[in-house]
Protein chains: 2
Amino acid sequence: MRHAVIMAGGAGTRLWPLSRRMRPKQLLRLFDGASLLQLVRRRLAGLFAPENIWVVTSAAYLDQVAEQLPDVPRDNLIGEPMGRDTANAIGLAAHLLVRRDRDATMAVFTADHIIQPQTRFAAAIQAGLEAVERFPQSLVTFGITPQSPHTGYGYLHRGELVAPGTWRVAEFKEKPTLETARAYLASGEYYWNSGMFVWRVEAILAELERLLPENARALKRLATDWERVAGTPAAAAAFAQLRRISIDFGVMEHARSVLLVEMTCDWKDLGSWASVASTRTADEAGNVTIAPRAMIVDGRQNVVISEAEHLVVLLGVDDLVVVHSEDATLVCRRHEVERVKDLVERRRKPFGDQYE
Amino acid sequence: MRHAVIMAGGAGTRLWPLSRRMRPKQLLRLFDGASLLQLVRRRLAGLFAPENIWVVTSAAYLDQVAEQLPDVPRDNLIGEPMGRDTANAIGLAAHLLVRRDRDATMAVFTADHIIQPQTRFAAAIQAGLEAVERFPQSLVTFGITPQSPHTGYGYLHRGELVAPGTWRVAEFKEKPTLETARAYLASGEYYWNSGMFVWRVEAILAELERLLPENARALKRLATDWERVAGTPAAAAAFAQLRRISIDFGVMEHARSVLLVEMTCDWKDLGSWASVASTRTADEAGNVTIAPRAMIVDGRQNVVISEAEHLVVLLGVDDLVVVHSEDATLVCRRHEVERVKDLVERRRKPFGDQYE
């Protein structure tokens with residue numbers, strides 16, 4: 001059977017003050033009332049049965065995730081006691097999944113991005129599933145056809161073509177310099193590393209055991225006992241001892257066979273308020289409002305974001321980002337929104353705990 | 001006996017979104033937790049006994065006024081069913097006052113200004129009271145020694161000196177052009193018309209009867225029956241028929257004898273967020289924060305105002321005014337705050353009723 005695992009563990013300080021420790025980016029309902037998590041789940045409709053959709057998230061977010069995904073069985077929501085990076089999140093999901101379905105095919109999705117159009121997304125996933133059928137020992141990673149020389153992503157260099165739109169991965173590349181990114185783009189051989197995968201659950205478990213044996217053993221023990229220990233101090237203690245490591249660094253870069261399936265989609269990482277704004281069409285004055293009540297008078301190129309019915313009025317100002325949450329408001333320059341992360345992480349002390 | 005009447009009826013759209021129809025400027029607690037009304041009342045301490053302090057306000061604000069001035073007798077709070085300008089507000093107070101104290105001296109104060117220092121304010125009031133003792137038929141108006149060629153105030157031209165710091169008023173002047181205001185300032189003979197007065201209650205009643213006989217008659221009838229009709233549709237109906245007219249235009253400019261007592265105080269009209277900000281000392285970067293929780297990072301010359309515990313963060317922005325209220329937030333340029341009045345008055349429709 002096909003299973004989908006949605007990775008929804010991140011916190012996202014760059015979307016402060018809407019995103020908080022207890023209200024992470026992927027749960028914010030910024031897209032006509034839907035959250036990124038809900039958009040991912042919609043994207044999977046027709047590809048995976050609801051009872052085969054799983055979510056790995058922080059234990060603290062379980063109730064919010066359950067509320068946002070009412071058709072996903074509560075038993076499929078895996079709450080990590082703490083973040084231990086993607087190798088462990090995926091490993092735990094794989095061990096839980098194999099106990100339910102020994103013959104499972106497992107696809108992994110992130111909840112940080114807007115991906116469009118749906119048809120091409122679905123076609124790429126279909127191609128990935130077919131690649132796994134044909135090469136059941138391989139791990140398949142999805143590569144996004146780059147649309148710009150982005151220096152904020154890792155890249156995949158494709159090698160030998162094994163099927164239409166499917167290659168062996170020649171090399172994993174860290175975030176490049178602008179010059180290198182331009183060369184990647186020009187060559188046509190490089191893809192953005194999407195963090196989305198598909199594989200036979202047996203294949204990923206075998207590689208985990210080979211490459212990260214200690215983590216694999218601990219995760220298997222946890223999974224065996226999960227119904228009993230989930231949410232207890234014992235689970236937290238076991239997690240605390242797991243070595244933190246990403247799936248790319250811990251597994252993909254060293255796996256015996258990795259294939260790349262291309263995904264020719266528009267892929268927007270919602271890593272800042274500017275990127276959230278870029279998901280909307282601006283009005284004639286270049287303003288973007290994602291708010292039930294906002295009024296911009298005589299202003300250009302502003303972004304106003306608010307979840308609530310709070311009225312936000314901008315009068316005669318340009319190039320600002322104004323974000324209102326129930327207990328905090330941010331006003332900053334539009335081209336400086338990247339500084340929010342720094343502000344929140346370095347300066348959270350003066351804010352006081354309740355604003356984290 | 002000496003009585004003080006505080007005029008506290010205005011609404012103040014220029015301090016939106018904190019000031020509202022039901023939360024007028026004079027009741028906003030912007031001064032270390034005190035409102036303008038409370039500052040006026042403090043200013044009168046030692047000059048008037050609490051039982052001789054009266055407030056004329058909108059009937060809609062009576063409860064808030066009572067809560068803010070707990071030592072003023074509730075019977076001294078006069079609630080107008082609707083605004084009918086200062087001649088009628090003062091006239092109603094005079095008629096109510098004379099029924100309690102036939103021999104009263106009545107001083108009138110506004111609740112729109114910050115006046116400092118207290119010692120000079122008290123000295124001027126004392127001089128006014130003495131002028132009334134010596135000239136019991138005269139109406140005394142307080143003139144503020146101008147500190148700039150302000151074009152937003154009316155002016156008083158002083159005439160014959162009758163006592164130290166006390167002159168006959170030669171002429172009332174409307175708001176001048178800048179050129180005229182500069183000439184006024186240079187001459188040393190002109191004062192800002194403060195809207196503060198002192199007189200024998202008999203003297204003002206006589207002038208009201210002579211100059212505005214219809215209003216005087218209606219107000220006398222209302223006062224006779226006030227305990228019974230206050231707050232009823234009958235009072236509203238009577239008010240609705242009163243001719244709207246200001247005390248300056250209706251009485252002072254035509255009165256038989258008007259004296260000017262100079263008040264050499266710093267006198268700040270809180271007519272905009274800029275003037276509210278000017279009551280505070282800015283920090284090294286020129287920022288003014290009147291908010292329990294505000295943080296300005298790498299920004300200059302900003303003004304942040306909030307009554308509530310809402311956290312307002314400004315990051316890398318300059319010359320902005322940001323005002324947060326429970327249900328609305330305003331962001332505008334500091335030198336354009338005067339536009340707020342226009343925005344609220346012309347555009348209140350799109351805001352929706354609850355934001356007025």
Looking only at region A:326-346, which residues are surrounded by fewer than 23 Cβ atoms within 10 Å (Cβ to Cβ), more than 7 Å from every other protein chain (Cβ to nearest Cβ) and part of a loop (DSSP other than H, G, I, E, B)? A:Glu326, A:Glu338
Being surrounded by fewer than 17 Cβ atoms within 10 Å (Cβ to Cβ), at negative phi and small (Gly, Ala, Ser), is that true of even one residue in region B:187-203? yes
Output for Cβ contacts, cut-off 6 Å, separation at least six or different chains, first residue farther than 23 Å from B:Phe239 by Cβ and aliphatic (A, V, I, L, M) in region B:68-82, second at pLDDT below 95 and surrounded by 20 or more Cβ atoms within 10 Å (Cβ to Cβ), reads none
Go through region A:260-298 and give me each residue that's closer than 30 Å to A:Glu171 by Cβ and in contact with a Pro (Cβ under 8 Å, 6 or more places away or on another chain). A:Cys265, A:Asp266
Go through (1) part of a helix (DSSP H, G or I); (2) closer than 27 Å to B:Gln126 by Cβ one by one and return the number of the condition B:Asp63 breaks. (2)
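Give me the strands (runs of 3 or more DSSP E) completely within region B:222-324, filtered to those with at least 1 residues that are within 14 Å of chain A (Cβ to nearest Cβ), ordered by residue number.
In region B:222-324, B:288-290, B:294-297, B:303-306, B:311-315, B:320-324 are the strands (runs of 3 or more DSSP E) which contain 1 or more residues that are within 14 Å of chain A (Cβ to nearest Cβ).
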Using the structure shown, decide if A:Ala308 is within 13 Å of A:Leu30 (Cα to Cα) and surrounded by fewer than 17 Cβ atoms within 10 Å (Cβ to Cβ). yes
Of the conditions (1) out of contact with any strand residue (DSSP E or B) (no Cβ under 9 Å at 6 or more places or on another chain); (2) at pLDDT 95 or above; (3) in a helix (DSSP H, G or I), A:Pro70 fails just one. Which one is it? (3)
Tally up the residues in region A:256-274 that are of a type in the set (Ser, Thr, Tyr) and either over 17 Å from A:Trp192 (Cα atoms) or more than 23 Å from the chain's Cα centre (by Cα) (or both), please. 2
Selection from region B:52-85 of residues within 19 Å of B:Met1 (Cβ to Cβ) and among the acidic types (Asp, Glu) yields B:Asp71, B:Asp75
Give A:Leu44, A:Leu27, A:Leu37 a once-over and let me know the one that is touching a strand residue (DSSP E or B) at 6+ places or on another chain (Cβ under 9 Å), modelled with pLDDT of 95 or more and within 26 Å of A:Glu345 (Cβ to Cβ). A:Leu37
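Where in region B:106-209 are the strands (runs of 3 or more DSSP E), entirely inside, with at least 1 residues that are closer than 18 Å to B:Lys268 by Cα, touching a Ser or Thr at 6+ places or on another chain (Cβ under 6 Å) and not basic (Lys, Arg)?
Filter on region B:106-209 gives B:113-116, B:139-144, B:190-200.
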Selection from region A:210-221 of residues that are surrounded by 13 or more Cβ atoms within 10 Å (Cβ to Cβ), in contact with a Lys or Arg (Cβ under 8 Å, 6 or more places away or on another chain) and in a helix (DSSP H, G or I): A:Asn215
Please go through region A:18-58 and pick out each residue that is part of a strand (DSSP E or B) and under 19 Å from A:Ala274 (Cα atoms). A:Arg20, A:Phe31, A:Ala34
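The values are calculated or read from the model by the stated rules, or taken from the named source; none is laboratory data. Quantities reported herein were computed from a predicted structural model and do not represent experimental measurements. Using ideal geometry, Cβ is built from the backbone for each residue, glycine included, and neighbour counts are taken over all protein chains shown.
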